[in-house]
Amino acid sequence: MEQKKLGLPSIIATGVGLIVATSCLLSIGQGSAAIGTPFIITMAIACAFNILTALSICELNALMPNLTGGMAQYTLACLGPFVSIVITVGGYLTCQTIMGSSEAAMFGNTLSSVFSDIPISGSVYSIALIVILTILNLFGVDMFAKVQNIVAYGLIGSLIFLGLMGTFKLGTGQVVEQEAVISSAPGDVFSLLGLAFFLFIGVEFIIPISTQVKNPRKKVPIGMVISLVIILVMQIFMTIGFSHYTPWDELGASTVPHILYGTLLCGKVGTIWMTVVSLLAVISTLNTALFSISQICSGMAKIKLLPDVFQRRNKRGTAYVGLLLVAAAMVLINATGLSTSSQLTFLILTGCTFWIFSYIILHLDVLILRRRLPKAPRTFKLPLGPVIPIIGIIGNGFMIYNIDPSWDVKKRIYLIFVVVLAILCVYAFFWIKYVMKRPMFKAYQIKEVMAMESDLYQINHYPKLAKRLHMQAVPDVEALPADTNTGTRPES
(Lines give C-alpha, C1' and ligand atoms only; values in the text may rest on other atoms or scores of the structure.)
Protein backbone atom coordinates (compact mmCIF):
# COMPACT_ATOMS: atom_id res chain seq x y z
CA MET A 1 0.00 0.00 0.00
CA GLU A 2 1.32 3.44 -0.91
CA GLN A 3 2.17 5.49 2.15
CA LYS A 4 0.17 8.69 2.61
CA LYS A 5 2.01 11.95 2.12
CA LEU A 6 2.02 15.07 4.27
CA GLY A 7 0.59 18.33 2.93
CA LEU A 8 1.40 21.98 3.71
CA PRO A 9 -0.91 22.07 6.78
CA SER A 10 1.03 19.17 8.31
CA ILE A 11 4.35 20.88 7.53
CA ILE A 12 3.22 24.06 9.29
CA ALA A 13 1.83 22.01 12.18
CA THR A 14 5.19 20.26 12.53
CA GLY A 15 7.14 23.54 12.51
CA VAL A 16 4.83 25.29 14.96
CA GLY A 17 4.38 22.13 17.01
CA LEU A 18 8.00 21.74 17.99
CA ILE A 19 8.71 25.44 18.50
CA VAL A 20 5.70 26.48 20.60
CA ALA A 21 6.32 24.70 23.89
CA THR A 22 5.24 25.44 27.45
CA SER A 23 8.73 26.74 28.14
CA CYS A 24 8.25 29.18 25.26
CA LEU A 25 5.08 30.53 26.88
CA LEU A 26 7.15 31.03 30.01
CA SER A 27 9.87 32.82 28.03
CA ILE A 28 7.40 35.24 26.43
CA GLY A 29 6.24 36.25 29.90
CA GLN A 30 9.78 36.68 31.20
CA GLY A 31 10.90 38.77 28.24
CA SER A 32 7.79 40.95 28.29
CA ALA A 33 8.08 41.55 32.03
CA ALA A 34 11.71 42.63 31.62
CA ILE A 35 11.27 45.46 29.07
CA GLY A 36 7.57 45.58 28.21
CA THR A 37 6.27 45.76 24.64
CA PRO A 38 9.75 46.52 23.16
CA PHE A 39 10.27 42.78 23.59
CA ILE A 40 8.33 42.62 20.31
CA ILE A 41 11.35 44.19 18.59
CA THR A 42 13.61 41.57 20.19
CA MET A 43 11.33 38.77 18.99
CA ALA A 44 11.17 40.22 15.46
CA ILE A 45 14.97 40.31 15.22
CA ALA A 46 15.28 36.75 16.51
CA CYS A 47 12.57 35.60 14.09
CA ALA A 48 14.37 37.29 11.18
CA PHE A 49 17.63 35.46 11.96
CA ASN A 50 15.74 32.18 12.22
CA ILE A 51 14.14 32.80 8.82
CA LEU A 52 17.63 33.31 7.37
CA THR A 53 18.63 29.94 8.85
CA ALA A 54 15.49 28.32 7.43
CA LEU A 55 16.29 29.71 3.97
CA SER A 56 19.85 28.39 4.13
CA ILE A 57 18.46 24.98 5.08
CA CYS A 58 16.07 25.17 2.13
CA GLU A 59 18.96 25.78 -0.29
CA LEU A 60 20.81 22.79 1.15
CA ASN A 61 17.67 20.70 0.85
CA ALA A 62 17.21 21.86 -2.76
CA LEU A 63 20.74 20.76 -3.63
CA MET A 64 20.52 17.54 -1.62
CA PRO A 65 16.80 16.65 -1.41
CA ASN A 66 15.06 13.83 0.41
CA LEU A 67 17.69 13.34 3.11
CA THR A 68 16.24 12.08 6.39
CA GLY A 69 19.42 12.88 8.32
CA GLY A 70 19.14 16.54 7.40
CA MET A 71 21.97 18.56 8.84
CA ALA A 72 24.12 15.49 9.47
CA GLN A 73 24.22 14.75 5.75
CA TYR A 74 24.70 18.37 4.66
CA THR A 75 27.67 18.77 6.98
CA LEU A 76 29.07 15.39 5.96
CA ALA A 77 29.27 16.68 2.38
CA CYS A 78 30.97 19.91 3.50
CA LEU A 79 33.13 19.33 6.58
CA GLY A 80 33.36 15.57 6.95
CA PRO A 81 32.08 13.06 9.54
CA PHE A 82 33.74 14.50 12.66
CA VAL A 83 31.95 17.84 12.62
CA SER A 84 28.75 16.17 11.45
CA ILE A 85 28.61 13.81 14.44
CA VAL A 86 29.52 16.46 17.03
CA ILE A 87 27.00 19.01 15.80
CA THR A 88 24.09 16.65 15.17
CA VAL A 89 24.39 14.56 18.33
CA GLY A 90 25.08 17.58 20.53
CA GLY A 91 22.86 20.15 18.89
CA TYR A 92 19.86 17.96 18.25
CA LEU A 93 19.64 14.55 19.91
CA THR A 94 20.98 15.51 23.34
CA CYS A 95 19.33 18.91 23.44
CA GLN A 96 15.93 17.66 22.28
CA THR A 97 15.93 14.77 24.74
CA ILE A 98 16.54 17.18 27.62
CA MET A 99 14.02 19.74 26.40
CA GLY A 100 11.40 17.10 25.64
CA SER A 101 11.82 15.70 29.14
CA SER A 102 11.30 19.14 30.65
CA GLU A 103 8.13 19.63 28.61
CA ALA A 104 6.79 16.29 29.84
CA ALA A 105 7.61 17.34 33.40
CA MET A 106 5.67 20.59 32.95
CA PHE A 107 2.72 18.54 31.70
CA GLY A 108 2.87 16.39 34.83
CA ASN A 109 3.26 19.37 37.14
CA THR A 110 0.27 21.12 35.57
CA LEU A 111 -2.01 18.09 35.94
CA SER A 112 -0.88 17.40 39.50
CA SER A 113 -1.70 21.01 40.46
CA VAL A 114 -5.08 20.99 38.70
CA PHE A 115 -6.04 17.60 40.18
CA SER A 116 -4.42 18.18 43.56
CA ASP A 117 -6.99 15.97 45.31
CA ILE A 118 -5.78 12.90 43.40
CA PRO A 119 -2.67 11.35 45.04
CA ILE A 120 -0.70 10.91 41.80
CA SER A 121 2.71 12.48 41.35
CA GLY A 122 3.50 14.67 38.36
CA SER A 123 6.11 12.21 37.07
CA VAL A 124 3.41 9.56 36.59
CA TYR A 125 1.45 11.88 34.31
CA SER A 126 4.66 12.79 32.46
CA ILE A 127 5.66 9.18 31.83
CA ALA A 128 2.12 8.26 30.77
CA LEU A 129 2.14 11.04 28.15
CA ILE A 130 5.53 9.93 26.76
CA VAL A 131 4.33 6.32 26.50
CA ILE A 132 1.05 7.26 24.78
CA LEU A 133 2.73 9.49 22.19
CA THR A 134 5.39 6.86 21.54
CA ILE A 135 2.71 4.25 20.83
CA LEU A 136 0.86 6.64 18.50
CA ASN A 137 4.06 7.42 16.59
CA LEU A 138 4.70 3.70 16.09
CA PHE A 139 1.63 3.72 13.83
CA GLY A 140 3.53 5.79 11.26
CA VAL A 141 3.45 9.18 9.58
CA ASP A 142 -0.31 9.26 9.02
CA MET A 143 -1.04 8.91 12.74
CA PHE A 144 1.69 11.46 13.50
CA ALA A 145 0.05 13.95 11.11
CA LYS A 146 -3.44 13.44 12.57
CA VAL A 147 -2.26 14.02 16.14
CA GLN A 148 -0.03 16.93 15.12
CA ASN A 149 -2.63 18.76 13.03
CA ILE A 150 -5.33 18.58 15.71
CA VAL A 151 -3.03 19.61 18.54
CA ALA A 152 -0.96 22.27 16.74
CA TYR A 153 -3.89 24.08 15.15
CA GLY A 154 -5.84 23.98 18.39
CA LEU A 155 -2.79 25.51 20.05
CA ILE A 156 -2.27 28.20 17.40
CA GLY A 157 -5.94 29.15 17.26
CA SER A 158 -6.28 29.40 21.03
CA LEU A 159 -3.17 31.53 21.56
CA ILE A 160 -4.01 33.91 18.72
CA PHE A 161 -7.59 34.26 19.97
CA LEU A 162 -6.52 34.90 23.57
CA GLY A 163 -3.86 37.31 22.33
CA LEU A 164 -6.40 39.23 20.24
CA MET A 165 -8.77 39.42 23.20
CA GLY A 166 -6.01 40.98 25.28
CA THR A 167 -4.79 43.26 22.48
CA PHE A 168 -8.24 44.75 21.89
CA LYS A 169 -9.21 44.67 25.59
CA LEU A 170 -12.11 42.24 25.07
CA GLY A 171 -11.52 40.18 28.22
CA THR A 172 -13.89 40.00 31.18
CA GLY A 173 -11.10 40.93 33.59
CA GLN A 174 -9.98 44.40 34.62
CA VAL A 175 -7.66 46.31 32.28
CA VAL A 176 -4.42 47.29 34.02
CA GLU A 177 -3.25 50.89 33.84
CA GLN A 178 0.52 50.70 33.36
CA GLU A 179 3.26 51.86 31.01
CA ALA A 180 3.52 49.53 28.04
CA VAL A 181 7.21 50.36 27.60
CA ILE A 182 9.50 49.56 30.53
CA SER A 183 12.73 50.06 28.60
CA SER A 184 13.47 50.70 24.94
CA ALA A 185 17.25 51.06 25.34
CA PRO A 186 19.07 49.10 22.59
CA GLY A 187 21.23 47.37 25.20
CA ASP A 188 18.18 46.02 27.01
CA VAL A 189 16.48 44.98 23.77
CA PHE A 190 19.56 43.12 22.49
CA SER A 191 20.37 41.52 25.86
CA LEU A 192 17.23 39.39 25.57
CA LEU A 193 18.00 38.06 22.08
CA GLY A 194 19.09 34.70 23.48
CA LEU A 195 15.77 34.33 25.27
CA ALA A 196 13.84 35.44 22.18
CA PHE A 197 15.80 33.11 19.91
CA PHE A 198 14.56 30.18 21.96
CA LEU A 199 11.01 31.13 20.94
CA PHE A 200 11.71 30.27 17.29
CA ILE A 201 14.28 27.48 17.46
CA GLY A 202 13.65 24.12 15.79
CA VAL A 203 11.92 24.81 12.46
CA GLU A 204 14.55 22.71 10.66
CA PHE A 205 12.91 19.59 12.11
CA ILE A 206 10.64 19.82 9.08
CA ILE A 207 13.53 18.59 6.91
CA PRO A 208 13.69 14.98 8.26
CA ILE A 209 10.04 14.45 7.25
CA SER A 210 10.47 16.10 3.81
CA THR A 211 10.72 12.65 2.19
CA GLN A 212 7.10 12.11 3.22
CA VAL A 213 5.81 15.46 1.95
CA LYS A 214 3.94 16.12 -1.29
CA ASN A 215 6.09 18.33 -3.56
CA PRO A 216 8.72 19.00 -0.83
CA ARG A 217 10.89 21.36 -2.90
CA LYS A 218 8.08 23.90 -2.99
CA LYS A 219 6.19 23.23 0.21
CA VAL A 220 9.09 22.81 2.66
CA PRO A 221 10.49 26.39 2.25
CA ILE A 222 7.00 27.88 2.33
CA GLY A 223 6.05 25.81 5.37
CA MET A 224 9.17 26.86 7.28
CA VAL A 225 8.69 30.58 6.73
CA ILE A 226 4.94 30.47 7.40
CA SER A 227 5.54 28.57 10.65
CA LEU A 228 7.95 31.23 11.94
CA VAL A 229 5.73 34.16 10.88
CA ILE A 230 2.64 32.61 12.49
CA ILE A 231 4.56 32.16 15.73
CA LEU A 232 5.81 35.77 15.67
CA VAL A 233 2.29 37.15 15.08
CA MET A 234 0.90 35.01 17.90
CA GLN A 235 3.62 36.18 20.29
CA ILE A 236 3.12 39.84 19.38
CA PHE A 237 -0.56 39.61 20.30
CA MET A 238 0.31 37.81 23.53
CA THR A 239 2.85 40.50 24.51
CA ILE A 240 0.37 43.32 23.91
CA GLY A 241 -2.27 41.34 25.81
CA PHE A 242 0.14 41.00 28.74
CA SER A 243 0.55 44.78 28.85
CA HIS A 244 -3.22 45.26 29.13
CA TYR A 245 -4.13 42.62 31.71
CA THR A 246 -1.06 41.53 33.72
CA PRO A 247 0.98 43.84 35.98
CA TRP A 248 4.60 43.61 34.86
CA ASP A 249 5.95 42.77 38.33
CA GLU A 250 3.46 39.91 38.79
CA LEU A 251 4.18 38.64 35.29
CA GLY A 252 7.93 38.54 35.94
CA ALA A 253 7.53 36.78 39.29
CA SER A 254 5.15 34.10 37.99
CA THR A 255 6.43 30.65 37.03
CA VAL A 256 3.32 30.18 34.88
CA PRO A 257 2.80 33.63 33.28
CA HIS A 258 0.46 32.26 30.61
CA ILE A 259 -1.85 30.85 33.29
CA LEU A 260 -1.72 34.18 35.13
CA TYR A 261 -2.66 35.99 31.93
CA GLY A 262 -5.56 33.65 31.21
CA THR A 263 -6.89 34.10 34.75
CA LEU A 264 -6.68 37.91 34.68
CA LEU A 265 -8.11 38.00 31.15
CA CYS A 266 -11.17 35.77 31.57
CA GLY A 267 -11.27 34.57 35.17
CA LYS A 268 -11.80 30.86 35.82
CA VAL A 269 -12.65 30.23 32.17
CA GLY A 270 -9.32 31.78 31.17
CA THR A 271 -7.47 29.63 33.72
CA ILE A 272 -8.95 26.42 32.33
CA TRP A 273 -8.50 27.54 28.74
CA MET A 274 -4.84 28.47 29.18
CA THR A 275 -4.23 25.25 31.08
CA VAL A 276 -5.58 23.34 28.09
CA VAL A 277 -3.36 25.46 25.80
CA SER A 278 -0.26 24.64 27.84
CA LEU A 279 -1.14 20.94 27.69
CA LEU A 280 -1.57 21.17 23.91
CA ALA A 281 1.85 22.83 23.68
CA VAL A 282 3.47 19.98 25.59
CA ILE A 283 1.77 17.28 23.49
CA SER A 284 2.63 19.10 20.26
CA THR A 285 6.30 19.55 21.18
CA LEU A 286 6.79 15.98 22.38
CA ASN A 287 4.95 14.48 19.40
CA THR A 288 7.12 16.39 16.92
CA ALA A 289 10.36 15.72 18.80
CA LEU A 290 9.79 11.97 19.08
CA PHE A 291 8.93 11.55 15.40
CA SER A 292 11.59 13.87 13.96
CA ILE A 293 14.45 12.58 16.13
CA SER A 294 13.69 9.00 15.08
CA GLN A 295 13.94 10.12 11.44
CA ILE A 296 17.25 11.91 12.08
CA CYS A 297 18.71 8.84 13.81
CA SER A 298 17.67 6.69 10.86
CA GLY A 299 19.24 9.13 8.40
CA MET A 300 22.50 9.28 10.36
CA ALA A 301 22.63 5.48 10.48
CA LYS A 302 22.34 5.33 6.70
CA ILE A 303 25.53 7.36 6.37
CA LYS A 304 27.18 5.30 9.15
CA LEU A 305 27.34 8.12 11.70
CA LEU A 306 25.25 6.00 14.09
CA PRO A 307 24.90 2.21 14.47
CA ASP A 308 22.96 0.45 11.69
CA VAL A 309 20.24 -0.68 14.06
CA PHE A 310 18.70 2.81 13.91
CA GLN A 311 17.61 2.04 10.32
CA ARG A 312 15.17 -0.64 11.42
CA ARG A 313 11.53 0.17 10.64
CA ASN A 314 8.27 -1.48 11.57
CA LYS A 315 5.45 -2.40 9.18
CA ARG A 316 4.16 1.19 9.34
CA GLY A 317 7.48 2.60 8.16
CA THR A 318 8.44 4.08 11.53
CA ALA A 319 12.12 4.15 12.49
CA TYR A 320 11.26 2.62 15.83
CA VAL A 321 14.72 2.10 17.36
CA GLY A 322 15.51 5.82 17.62
CA LEU A 323 11.94 6.51 18.69
CA LEU A 324 12.04 3.97 21.52
CA LEU A 325 15.53 5.02 22.63
CA VAL A 326 14.62 8.72 22.91
CA ALA A 327 11.33 7.85 24.63
CA ALA A 328 13.18 5.62 27.12
CA ALA A 329 15.64 8.43 27.89
CA MET A 330 12.76 10.85 28.50
CA VAL A 331 11.01 8.32 30.76
CA LEU A 332 14.23 7.78 32.72
CA ILE A 333 14.81 11.51 33.22
CA ASN A 334 11.25 12.01 34.45
CA ALA A 335 11.32 8.89 36.64
CA THR A 336 14.48 10.05 38.42
CA GLY A 337 13.07 13.53 38.98
CA LEU A 338 15.90 15.24 37.10
CA SER A 339 13.39 17.07 34.92
CA THR A 340 12.09 19.01 37.92
CA SER A 341 15.52 20.22 38.94
CA SER A 342 15.94 23.96 39.42
CA GLN A 343 18.92 23.76 37.07
CA LEU A 344 16.92 22.35 34.15
CA THR A 345 16.16 25.75 32.62
CA PHE A 346 19.86 26.52 32.75
CA LEU A 347 20.67 23.21 31.05
CA ILE A 348 18.09 23.92 28.33
CA LEU A 349 19.69 27.29 27.71
CA THR A 350 23.06 25.56 27.42
CA GLY A 351 21.58 23.12 24.93
CA CYS A 352 20.23 26.03 22.93
CA THR A 353 23.76 27.45 22.73
CA PHE A 354 24.83 24.23 21.04
CA TRP A 355 21.77 24.46 18.80
CA ILE A 356 22.58 28.02 17.74
CA PHE A 357 26.18 26.96 17.06
CA SER A 358 24.81 24.24 14.77
CA TYR A 359 22.96 26.96 12.86
CA ILE A 360 26.30 28.67 12.24
CA ILE A 361 27.56 25.41 10.73
CA LEU A 362 24.48 25.25 8.48
CA HIS A 363 25.20 28.70 7.05
CA LEU A 364 28.83 27.66 6.60
CA ASP A 365 27.67 24.58 4.68
CA VAL A 366 25.84 26.84 2.23
CA LEU A 367 28.96 28.96 1.66
CA ILE A 368 31.15 25.88 1.14
CA LEU A 369 28.81 24.32 -1.41
CA ARG A 370 28.37 27.66 -3.19
CA ARG A 371 32.14 27.79 -3.68
CA ARG A 372 32.62 24.09 -4.40
CA LEU A 373 29.63 23.64 -6.75
CA PRO A 374 28.70 27.11 -8.06
CA LYS A 375 26.92 25.78 -11.16
CA ALA A 376 25.10 22.86 -9.58
CA PRO A 377 21.33 23.05 -10.13
CA ARG A 378 19.30 24.26 -7.17
CA THR A 379 15.52 24.46 -7.23
CA PHE A 380 15.80 27.02 -4.41
CA LYS A 381 18.71 29.44 -4.13
CA LEU A 382 19.30 32.33 -1.75
CA PRO A 383 19.57 35.74 -3.44
CA LEU A 384 22.50 38.16 -2.97
CA GLY A 385 25.18 35.48 -3.19
CA PRO A 386 26.95 34.84 0.13
CA VAL A 387 25.37 37.84 1.91
CA ILE A 388 22.50 36.03 3.67
CA PRO A 389 24.59 33.13 5.07
CA ILE A 390 27.25 35.59 6.29
CA ILE A 391 24.61 37.75 8.01
CA GLY A 392 23.18 34.57 9.51
CA ILE A 393 26.57 33.53 10.90
CA ILE A 394 27.16 36.96 12.44
CA GLY A 395 23.62 37.07 13.84
CA ASN A 396 23.85 33.64 15.40
CA GLY A 397 27.21 34.49 16.94
CA PHE A 398 25.58 37.59 18.40
CA MET A 399 22.81 35.37 19.80
CA ILE A 400 25.34 33.17 21.59
CA TYR A 401 26.99 36.27 23.04
CA ASN A 402 23.57 37.41 24.31
CA ILE A 403 22.40 33.97 25.49
CA ASP A 404 21.80 35.48 28.94
CA PRO A 405 22.00 39.04 30.34
CA SER A 406 24.19 37.91 33.27
CA TRP A 407 27.93 37.42 32.67
CA ASP A 408 28.14 34.86 35.47
CA VAL A 409 25.43 32.76 33.87
CA LYS A 410 27.03 33.10 30.44
CA LYS A 411 30.39 31.91 31.73
CA ARG A 412 28.77 28.82 33.24
CA ILE A 413 26.95 28.14 29.98
CA TYR A 414 30.14 28.51 27.95
CA LEU A 415 32.02 26.19 30.32
CA ILE A 416 29.43 23.43 30.03
CA PHE A 417 29.27 23.97 26.28
CA VAL A 418 33.03 23.38 25.99
CA VAL A 419 32.91 20.30 28.24
CA VAL A 420 30.04 18.72 26.27
CA LEU A 421 31.82 19.58 23.04
CA ALA A 422 34.97 17.82 24.29
CA ILE A 423 33.03 14.66 25.24
CA LEU A 424 31.35 14.52 21.84
CA CYS A 425 34.71 15.05 20.13
CA VAL A 426 36.12 12.01 21.93
CA TYR A 427 33.12 9.90 20.89
CA ALA A 428 33.36 11.10 17.28
CA PHE A 429 37.10 10.38 17.15
CA PHE A 430 36.81 6.75 18.25
CA TRP A 431 33.66 6.07 16.20
CA ILE A 432 35.16 7.43 12.98
CA LYS A 433 38.62 5.90 13.48
CA TYR A 434 37.62 2.40 14.57
CA VAL A 435 34.09 1.90 13.19
CA MET A 436 33.72 4.10 10.11
CA LYS A 437 37.46 3.99 9.28
CA ARG A 438 37.21 7.18 7.25
CA PRO A 439 39.20 10.44 7.32
CA MET A 440 37.96 12.74 10.11
CA PHE A 441 37.56 15.95 8.16
CA LYS A 442 37.39 14.83 4.53
CA ALA A 443 34.05 15.78 3.01
CA TYR A 444 32.06 13.10 1.22
CA GLN A 445 30.98 13.72 -2.35
CA ILE A 446 27.36 14.83 -2.60
CA LYS A 447 26.49 11.97 -4.93
CA GLU A 448 27.76 9.47 -2.34
CA VAL A 449 25.83 11.08 0.54
CA MET A 450 22.63 11.10 -1.52
CA ALA A 451 23.18 7.56 -2.80
CA MET A 452 23.55 6.33 0.79
CA GLU A 453 19.96 7.43 1.40
CA SER A 454 18.75 4.84 -1.11
CA ASP A 455 17.96 1.26 -0.16
CA LEU A 456 19.67 0.24 -3.42
CA TYR A 457 22.99 1.64 -2.11
CA GLN A 458 22.61 -0.26 1.14
CA ILE A 459 21.80 -3.48 -0.73
CA ASN A 460 24.82 -3.16 -3.02
CA HIS A 461 27.35 -2.09 -0.38
CA TYR A 462 26.02 -3.82 2.74
CA PRO A 463 24.04 -6.88 1.53
CA LYS A 464 24.02 -8.64 4.91
CA LEU A 465 22.76 -5.53 6.67
CA ALA A 466 20.15 -4.92 3.95
CA LYS A 467 18.90 -8.47 4.37
CA ARG A 468 18.53 -7.98 8.13
CA LEU A 469 16.62 -4.72 7.52
CA HIS A 470 14.38 -6.43 4.90
CA MET A 471 15.30 -3.93 2.17
CA GLN A 472 13.92 -4.60 -1.30
CA ALA A 473 16.26 -4.55 -4.31
CA VAL A 474 14.14 -2.03 -6.17
CA PRO A 475 15.79 1.28 -7.10
CA ASP A 476 14.05 4.35 -5.74
CA VAL A 477 14.54 6.86 -8.57
CA GLU A 478 13.69 9.86 -6.40
CA ALA A 479 16.28 8.78 -3.83
CA LEU A 480 19.07 8.41 -6.37
CA PRO A 481 21.38 11.40 -6.58
CA ALA A 482 21.00 14.02 -9.26
CA ASP A 483 24.02 14.67 -11.42
CA THR A 484 25.63 17.77 -9.92
CA ASN A 485 26.32 19.19 -13.36
CA THR A 486 23.07 18.49 -15.18
CA GLY A 487 20.63 18.02 -12.31
CA THR A 488 19.14 14.98 -14.03
CA ARG A 489 18.26 11.68 -12.39
CA PRO A 490 18.62 8.19 -13.82
CA GLU A 491 15.56 6.95 -15.69
CA SER A 492 13.60 4.16 -14.04
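Does region 242-394 come out rounded, prolate or oblate by the C-alpha gyration tensor, with a ≥ b ≥ c the root eigenvalues, rounded set by a/c under 1.5 and, if not, prolate when a/b is larger than b/c and oblate if not?
Oblate is the answer for region 242-394, as a/c is 1.5 or above yet b/c matches or exceeds a/b.
Hey, can you find the accessible area per residue of region 235-293 for me, probe 1.4 Å, expressed in square angstrom?
29
Rounded to the nearest 0.05, what FRET efficiency is calculated for Leu8 and Thr379 with R0 set to 22 Å and r the Cβ-Cβ distance?
The value I calculate is 0.85.
Based on Cβ point charges of +1 for Lys and Arg and -1 for Asp and Glu, what charge dipole magnitude is obtained for region 372-443 about its Cα centre, in debye rounded to the nearest 20?
Charge dipole of region 372-443: 540 debye, to the nearest 20.
Accessible area of region 148-276 with a 1.4 Å probe: how many percent of it is carbon plus sulfur?
68
Report the local net charge at Val387: Lys and Arg +1, Asp and Glu -1, summed over other residues whose C-beta lies under 14 Å from its C-beta.
Charge balance near Val387 sits at +1.
What size of dipole, in debye to the nearest 20, comes out for region 230-366 about its Cα centre when the only charges are +1 on Lys and Arg C-beta atoms and -1 on Asp and Glu C-beta atoms?
720
Add +1 for every Lys or Arg and -1 for every Asp or Glu among the other residues with Cβ under 14 Å from the Cβ of Thr246, and state the total.
The answer is -3.
Take the residue pairs Lys375/Lys442; Lys218/Lys442; Lys219/Lys304; Lys302/Lys433; Lys218/Lys447; Lys381/Lys411 and return only those whose Cα atoms are more than 26 Å apart.
Going by Cα-Cα distance, Lys218/Lys442; Lys219/Lys304; Lys381/Lys411 fall outside the 26 Å limit.
If packing is taken as the average count of other Cβ atoms within 10 Å, what order do 93-105, 271-283 fall into, highest mean first?
93-105, 271-283
Long-range amide H contacts for Val213: which residues qualify at under 5 Å (H placed 1.01 Å from N, peptide plane, sequence gap of 5 or more or a different chain)?
Leu6
Based on the mean of other beta carbon atoms within 10 Å per residue, what is the order of 432-443, 350-361, 192-203, 308-319, most packed first?
By packing density, highest mean first, the sequence is 192-203, 350-361, 308-319, 432-443.
Assuming 0.36 nm per residue, please report the length gained on full extension of the stretch Val309 to Tyr427 beyond their Cα-Cα distance.
40.7 nm
Return the FRET efficiency for the residue pair Leu332, Val419: r is the Cβ-Cβ distance, R0 is 22 Å, and the value is rounded to the nearest 0.05.
0.55
Could you give the size of the charge dipole of region 187-259 about its Cα centre, using +1 on the Cβ of each K and R and -1 on the Cβ of each D and E, expressed in debye and rounded to the nearest 20?
700
Stretch Ile391-Ala44 to full length: gain in nm at 0.36 nm per residue minus the Cα-Cα span?
123.4 nm
Lys447 versus Asp408, label points 7 Å from Cα toward the beta carbon: distance in nm?
Taking the simple label geometry, Lys447 and Asp408 are separated by 5.9 nm.
Whole-Hz ³J(HN,Hα) for each residue in region 358-374, computed from phi via Karplus 6.51 cos²θ - 1.76 cosθ + 1.60 with θ = phi - 60°, x for glycine and proline: what do you get?
Result, ordered by residue: 5, 5, 4, 5, 4, 4, 5, 4, 4, 5, 5, 6, 4, 6, 6, 10, x Hz.
Could you order the peptides 38-51, 294-307, 416-429 from most to least packed, using the average number of other C-beta atoms within 10 Å per residue?
So the order, starting with the most tightly packed, is 294-307, 38-51, 416-429.
Tally Lys/Arg at +1 and Asp/Glu at -1 over every other residue whose Cβ is under 15 Å from the Cβ of Ala196; what's the total?
-2
Only loop residues by DSSP count here, and only those with at most 13 other Cβ atoms within 10 Å; note down the trypsin sites (Lys or Arg not before Pro) in region 369-414 that meet that.
Taking region 369-414 and a limit of 13 other Cβ atoms within 10 Å, the loop trypsin sites (Lys or Arg not before Pro) found are Lys375.
The values are calculated or read from the model by the stated rules, or taken from the named source; none is laboratory data. Worth saying up front: this structure is predicted, and the values here are computed from it rather than measured. No Cβ is skipped: glycine too gets one built from the backbone with ideal geometry, and neighbour counts run over all protein chains shown. Just so you know, the surface numbers come from the protein's heavy atoms only, side chains and all, with ligands and any DNA or RNA stripped out. Shrake-Rupley method; radii C 1.70, N 1.55, O 1.52, S 1.80 Å.
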